[in-house]
Amino acid sequence: QFKKNFLGQSADKFTRAASSQKCFRTSDIDKVGHTNRHLTFFEMLGNFSFGDYFKTDAIAWGWEFLTKEMSLPKEKLYATIFKDDSEAYDLWKKIVPESKIIRMGEETNFWNMGPTGPCGPCSEILYDLGPEYSCKKPDCGPHCDCDRYLEVWNLVFTQFDRQEDGSLKNLPRKNIDTGMGLERLAAVANGKTNVFETDLFAPIIEELSDILEVKISENPFQLRMMADHVRSVCFLIADGILPSNEGRGYVLRRILRRALRQGKMFGAEKPFLYRLSAEVAEIMKSAYPELSQRRENIASITKMEEEKFLETLESGTKILEEIMAKYKSSDVVKNKGNLKSKFVIPGDEVFKLYDTYGFPLDLTKEIAKENGLDIDEEGFKSAQRDAQKRSRAAWSGSGEKDLSFYSELHKDLGNTVFVGYDKTNAVSKVLALTKNHKKVNALNEGEEGEIILSETPFYAESGGQEGDTGEIKSQKGAVLEVKNAIKPVNNFVIHKVEVKKGTIAEDEEVTGTVDIKRRENIMRHHTATHLLHKALREVLGKHVTQAGSLVAQDFLRFDFTHLAALKSEEITAVEEIVNNAIRDNMPVCVSQMSLGDARKVGAMALFGEKYTETVRAVAINDEKDNHYSLELCGGTHVRRTGDIGMFKLISETSIAAGTRRIEAVAGEAAEKYFRHIDNLLDDISSKLKATKTEISAKLDKLMSREKEFEKEISKLKSQLASGGTQDLLKSVKDVKGVKLLTAKLADTDINSLRDLSDNLRIKMGSGIIILANIEKEKLSFVVSVTKDLVEQKYSAGKIAKNLASLVGGSGGGKNDFAQGGGKDISKIDSAFNKISEHLL
């Protein structure tokens with residue numbers, strides 16, 4: 001967040017900062033719980049200097065804080081420096097004995113923000129936990145990665161700007177960026193040997209011990225890992241991140257499942273992690289009250305994800321059984337490497353199970369061993385490394401565009417004066433023209449580029465509201481179409497334009513005119529969004545918060561936190577509240593106030609938005625001049641709610657676990673929507689030869705007739721199938737005294753297969769019946785076992801599973817009846833033969 005400050009591109013007046021920052025990372029996830037110090041979620045304390053103090057003060061103050069404020073024993077502390085940083089060495093030499101200063105390489109003691117940008121050497125302060133925590137290697141020392149030497153503080157001396165060619169250029173001013181883990185500091189300051197013994201973790205670990213009925217002393221690693229992961233889950237969900245299959249949501253899903261799998265190893269068959277959210281909220285409530293406020297939401301989302309994964313784990317087990325059946329029944333991979341088992345499951349299969357189903361390697365290994373198989377662990381690791389490489393190759397950073405071009409322009413040109421709240425046209429001066437990220441003197445007819453004006457009536461897209469479009473005309477006759485307005489740097493508006501006529505040059509005087517009709521439609525939708533937010537909180541509860549929005553001229557989109565789909569009566573209630581507010585024609589009042597004052601009067605701030613000290617508050621006031629709605633918002637709005645006209649909610653869907661999306665229309669867009677619906681009804685009534693009021697009754701009749709036809713067709717199919725019973729009975733084989741009937745049919749639905757199977761079972765008296773149906777390259781089958789054979793331990797469910805594994809599908813059921821399906825119809829004959837061999 002301080003990249004611009006380090007580069008000298010920020011307009012901030014302060015030159016020093018201190019922070020306590022929530023951090024989450026999974027780069028060391030495999031070490032969490034195993035070591036005394038690694039975590040996925042932690043709090044990072046930092047202090048920063050932007051061209052103010054540098055190495056001398058950073059080192060001296062770091063030492064003073066640890067030894068005086070925290071009372072850490074000096075003899076326990078060591079300092080590491082970058083091997084070529086003589087300046088840092090000389091400074092440390094004045095504080096500690098030279099034997100306690102360790103030179104380290106670039107890998108550990110040179111900090112980079114990325115491939116390019118601010119970077120510099122660093123100095124770590126380590127705490128010696130004592131020889132009992134050593135790895136016992138002869139060369140063990142502060143450079144060692146074992147548990148003995150705990151890194152407490154990292155002082156980064158950001159003094160270089162790495163160029164594209166890798167060279168280091170001195171920054172215009174030298175900076176300091178330090179980081180100290182709060183959990184580690186809490187541990188050493190309280191005389192603890194690891195972070196999990198502190199009161200940040202101990203209560204969570206104790207509750208886990210009670211829930212899972214396991215002893216802490218016997219299972220320290222597992223309980224520590226689960227405690228860390230559940231803290232991470234709570235903070236990620238509280239910050240609006242939800243489980244999904246991509247991006248941050250996937251990382252959340254991964255750690256949640258990792259912790260749940262561990263609990264399952266202890267015999268947990270039901271969700272349990274969600275129960276710990278209360279403990280996490282209680283521990284952290286003084287610093288992070290939002291955890292308590294959102295605890296129910298956190299618990300609900302966690303429980304839903306746990307339930308989903310327990311089902312997935314069931315699926316994963318079935319897939320593993322199919323894989324094992326494949327490798328047990330063939331010589332695909334034998335005696336691989338030095339493994340002792342006769343059959344080995346290849347590593348890529350094991351990794352696919354892990355990656356697709358979240359199936360843990362240890363569990364796969366354990367189940368395989370029980371079935372006389374081994375797994376190729378090296379192959380698994382190789383497949384994992386390949387996946388990581390592909391992931392890194394696809395990673396493109398945080399997605400933040402390089403805005404340094406616009407930052408430099410902003411520095412030269414200053415702020416754009418926005419007059420669009422009060423005007424839709426303005427006379428202005430052309431400050432600069434750009435094309436393809438380069439300044440140009442002029443743009444000619446037919447060219448596209450960007451124009452920066454001294455003042456503008458065009459609203460730049462932000463806060464979910466689309467940017468204005470319109471026209472710019474020069475006094476010399478040039479005409480430019482404004483296609484969009486953006487704000488790459490705060491208070492700096494860029495107009496995306498196409499020159500329709502003439503030539504436009506720097507320093508010319510121009511008149512900018514906003515497309516008023518489009519702006520008015522956007523304003524209706526934006527004010528309607530505020531009313532919608534208020535209505536949702538009124539109908540569903542105060543847990544509803546905005547999770548994203550889009551305000552366009554032809555519709556609005558509103559994302560919000562809520563666990564369940566809205567019921568029809570809730571949708572109706574929301575629409576009624578919004579339309580009542582529109583009919584009440586309440587005034588929409590805009591005011592500027594300090595952020596502190598806005599908080600005091602209860603203005604709603606939106607998660608993810610950045611606010612300055614002076615904010616713009618949009619209030620919709622009722623007849624008693626009380627705030628009906630009050631939100632911090634920089635968008636454009638109607639003057640009174642009546643100007644919206646009407647509101648209609650057109651869709652409500654899920655976009656992620658715990659997040660819903662509403663799309664709605666207002667004003668002119670709502671009129672168009674109702675006209676469209678009316679035309680559709682006209683078309684339907686014409687086709688049904690019924691009036692609009694008769695459509696519903698006519699459709700009921702048609703649907704009733706369709707159901708009758710379906711029943712008749714099914715009955716006829718069943719009769720046809722039953723008619724072939726005698727022919728099928730001729731195919732019965734005797735397998736070691738057990739009658740076995742296998743048959744292929746075509747175009748027979750599953751109900752008819754069931755009926756036919758029941759008829760055959762009655763006529764055979766004793767036996768096993770397997771009927772397969774092939775329809776449109778798809779295979780479905782039923783397996784039936786008579787009562788006497790069930791008593792002899794024959795199982796239709798097991799036969800169905802085996803058959804499914806041979807035809808690339810899935811199957812299962814009870815001992816007397818089961819069913820399934822498959823993708824590979826070419827293998828059904830060989831599958832029938834293998835079932836016969838299996839029975840033998």
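Would you call Ile662 modelled with pLDDT of 95 or more, under 33 Å from the mean Cα position of the chain (by Cα) and under 30 Å from Leu563 (Cα atoms)? Yes, satisfied. For the stretch 602-647, a tally of residues being under 31 Å from the mean Cα position of the chain (by Cα) and assigned to a loop (DSSP other than H, G, I, E, B) returns 15. Selection of the stretch 114-137 for residues being touching a residue at least 24 places away in the same chain (Cβ under 8 Å) and touching a Cys at 6+ places or on another chain (Cβ under 6 Å) yields an empty set.
For the stretch 521-548, a residue qualifies if it is part of a helix (DSSP H, G or I) and free of Cβ contacts under 8 Å to residues at least 24 places away in the same chain, and exactly one does: Arg537. Looking only at the stretch 549-569, which residues are farther than 24 Å from Lys672 by Cα, outside any loop (DSSP other than H, G, I, E, B) and open to solvent by 30 Å² or more (accessible area, probe 1.4 Å)? Selection gives Glu569 alone.
Among helices (runs of 4 or more DSSP H) entirely within the stretch 324-422, having at least 2 residues that are modelled with pLDDT of 85 or more and either open to solvent by 40 Å² or more (accessible area, probe 1.4 Å) or touching a helix residue (DSSP H, G or I) at 6+ places or on another chain (Cβ under 9 Å) (or both) singles out 347-357, 377-394, 404-413. Of the numbered criteria (1) modelled with pLDDT under 95; (2) open to solvent by less than 10 Å² (accessible area, probe 1.4 Å), the one Gln475 fails is (2). Being at positive phi and either touching a residue at least 12 places away in the same chain (Cβ under 8 Å) or out of contact with any helix residue (DSSP H, G or I) (no Cβ under 8 Å at 6 or more places or on another chain) (or both) is a description that does not apply to Lys76.
Considered as a group, the residues in the stretch 27-58 that are open to solvent by less than 20 Å² (accessible area, probe 1.4 Å) and assigned to a strand (DSSP E or B) include one that is farthest from Glu151 (Cα to Cα), and that residue is Phe50.
The strands (runs of 3 or more DSSP E) found wholly in the stretch 716-825 and carrying at least 1 residues that are of a type in the set (Gly, Ala, Ser) and farther than 25 Å from Tyr327 by Cα occupy 738-746, 778-785. A single entry from Lys776, Lys814, Lys787, Lys763 fulfils the requirement of being open to solvent by 40 Å² or more (accessible area, probe 1.4 Å), within 20 Å of Ser315 (Cα to Cα) and among the basic types (Lys, Arg): Lys814. Whenever a residue of the stretch 269-285 is outside any helix (DSSP H, G or I), its partners that are open to solvent by 40 Å² or more (accessible area, probe 1.4 Å) and basic (Lys, Arg), lying with C-beta atoms within less than 9 angstrom and at least six residues away or across chains, give the pairs Pro271/Lys303.
Highlighted here are the strands (runs of 3 or more DSSP E) found entirely within the stretch 89-182 that include at least 3 residues which are open to solvent by less than 60 Å² (accessible area, probe 1.4 Å): 101-104, 117-128, 149-162, 168-181.
Do we have Ala547 as more than 30 Å from His410 (Cα to Cα), small (Gly, Ala, Ser) and touching a Gly at 6+ places or on another chain (Cβ under 7 Å) here? The answer is yes for Ala547.
If the condition is being within 24 Å of the chain's Cα centre (by Cα) and assigned to a loop (DSSP other than H, G, I, E, B), then the stretch 10-24 contributes no residue at all.
The values are calculated or read from the model by the stated rules, or taken from the named source; none is laboratory data. The model shown is predicted, which means the values in this text are computed figures rather than measured ones. A quick note on method: Cβ atoms are made from the backbone with ideal geometry, for glycine too, and the neighbour counts reach across all protein chains shown. To get the accessible areas, we keep the full protein, side chains included, count just its heavy atoms, and leave off ligands, DNA and RNA. Shrake-Rupley method; radii C 1.70, N 1.55, O 1.52, S 1.80 Å.
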